[in-house]
Amino acid sequence: MPIWNSSRQNFSYDAITDKSRRKSPVNASKHESTILQQSDRRKLIATTQDQRRNLSLVAWAFRMHLSFTTQFTLHVTTEDDGLNEAIEDAFDWYNRADNCDISGRHSLKRMMRLAEGHRFLDGDMGVIFSDTGKLQLVEGDRIAKPTSGFIPDEYKNIDWNQGAELNKYGGAEQYIICNRQDGGSTLAFDSVVSARAMRLYANLERIDQHRGVSPLAAAVNSFQDVYEAGELNMMKAKAHALFGVIIARESSGRGELGIEQTADLTADADDDTLYGEERYAVKPEGTFKMELAPGESASTVESKTPSAEFLEFTKFFVQVSLLAFDLPMSFFDSRESSYAGQRMDLILYEFGNTQKRCQMQDMLSTITNWKLARWTSNNRDIRDDSEEPQIKLPGKMRRQDISYEWIPMGIPWIDPAKEMGADRDAISSALQSRSYTAKKRGLPRLKRTMKELEKEEEEIRRRGITVIAGDPGSETINNIESDETENDVQTKAG
């Protein structure tokens with residue numbers, strides 16, 4: 001029979017009832033910029049960057065996240081194949097570092113990887129669209145109100161809310177950019193950029209939030225605990241290793257030094273009389289020899305460090321910490337996971353990445369529209385670089401009529417024999433198209449592939465090369481053509 005709990009007679013939620021057994025409930029919902037102010041934001045950014053720099057677990061999870069969320073291929077889908085190839089070739093040209101990065105250091109693909117990296121670790125970052133047609137990336141901690149130095153008079157009286165001037169709707173009108181000084185301890189004014197010229201690429205979790213916060217913030221302490229616990233246990237194991245060798249011997253009436261209690265010892269006693277320590281000397285230079293007396297035995301110190309319980313607890317903490325990246329534990333350690341389990345983990349992880357990729361695809365679309373406006377324009381003031389591609393639209397087509405999509409890198413076949421067969425069955429059953437299958441596997445430019453195949457087939461016929469047309473044992477193309485020729489000859493002869 002259940003016992004009546006009088007404390008539950010108050011009609012309320014237990015989540016907001018302070019029972020002094022855990023952290024007290026929060027009393028008010030505050031704006032995110034109030035919870036994480038500018039000084040604390042810089043501290044959090046420095047901490048997450050330090051963990052990426054020094055904790056191999058964080059560095060691996062970070063790179064894994066980027067590999068799944070930042071690799072895209074442009075696929076232009078107008079009805080004009082020539083136009084499609086021209087635009088795709090133009091972006092292949094723009095991908096080069098000299099053509100897209102104002103500093104000339106990073107390719108477009110690399111810049112997008114860096115942008116997502118800073119969005120994840122710093123919470124946000126800025127992408128500036130310069131008048132030269134190139135991009136400039138700004139790290140999140142530099143988008144802030146200056147902490148020292150000169151500020152132009154026209155910007156002194158603006159209410160810079162963590163580096164942004166907000167309108168009455170909470171949208172950004174412009175951002176103030178700073179440079180680091182004194183080893184990064186202070187920020188000095190550099191420039192002010194309008195919100196039209198700079199896109200804030202941020203991790204936003206709330207409606208009213210205008211500056212991003214790193215998802216890693218929820219796991220910073222957990223990762224640090226795993227790192228420090230591992231370091232301490234390694235130090236403990238090293239300390240135990242210094243104990244070296246244990247010498248055990250049977251009791252023979254000798255004292256602690258192994259010498260007869262009645263022996264009269266002097267400082268110049270010979271080595272045979274004294275208990276010779278040199279017989280047990282172990283030097284780290286290499287192999288060693290121990291001369292044990294009858295009844296003696298030697299063993300090494302076994303510390304059992306780290307213990308099995310510690311390893312299991314650490315494994316659990318690693319799993320909890322990886323949740324900040326949404327990474328399944330089987331990615332980190334697959335020894336206890338079956339093939340089906342790993343495949344399900346991958347499917348669920350990919351399902352979650354669909355939403356994560358949307359923000360990167362939106363940024364790439366903004367860049368695409370910006371570049372197409374320059375490349376298809378006849379206005380030399382917009383396109384002032386003669387080396388930039390010039391794309392002529394056919395007929396009455398407008399730039400807004402160009403359709404395209406940024407296709408994420410697909411997942412290759414894990415079990416090619418089974419999965420390729422399943423794809424073929426889906427295509428033959430009209431459940432999915434070849435184009436969809438190609439995009440799913442990260443091969444979106446199917447028409448180009450078909451053209452390449454067409455050229456290969458022509459070259460094969462021209463050279464008279466025999467190529468297997470199917471599985472081993474199937475007829476070759478040449479055999480099929482020979483049969484058709486013989487049939488035609490027989491028909492004419494008849």
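The values are calculated or read from the model by the stated rules, or taken from the named source; none is laboratory data. Note that the coordinates shown come from a computational prediction; the quantities given were computed from them, not determined experimentally. Reconstructed Cβ throughout: ideal geometry from the backbone, glycine too, with neighbour counts over all protein chains shown. Calculation scope for accessible area: heavy atoms of the full protein, side chains included, ligands and nucleic acids excluded. Shrake-Rupley method; radii C 1.70, N 1.55, O 1.52, S 1.80 Å.
In the context of the full protein assembly, ARG142 retains an accessible surface of approximately 40 Å², using a probe radius of 1.4 Å and ignoring ligands and nucleic acids.
Here is the link list: LYS145/LYS168; LYS392/LYS447; LYS315/LYS418. Which ones come out longer than 23 Å on Cα distance? Violating the 23 Å limit, Cα to Cα: LYS315/LYS418.
Note on PHE150 and LEU292: with the Förster distance fixed at 56 Å, the Cβ-Cβ geometry gives a FRET efficiency of about 0.10.
Estimated from the Cβ-Cβ distance and a Förster radius of 22 angstrom, the FRET efficiency linking LYS396 and GLU85 is about 0.60.
Compared with the direct C-alpha span, the chain from SER365 to ASN233 gains 42.6 nm at full extension, assuming 0.36 nm per residue. With a cut-off of 14 Å on the backbone N, the residues of region 201-237 near the modelled label site 7 Å out from ASP40 along Cα-Cβ are 213-214, 217-218.
Accessible surface for region 62-103, divided over its residues, is 41 Å² per residue with a 1.4 Å probe. The overall shape of region 37-178 is oblate: from the C-alpha gyration tensor, with semi-axes ordered a ≥ b ≥ c, the ratio a/c is 1.5 or greater and a/b is no larger than b/c. Each of ASP225 and THR449 was given a label point 7 Å from its Cα along the Cα-to-Cβ line. The distance between the two points is 4.7 nm.
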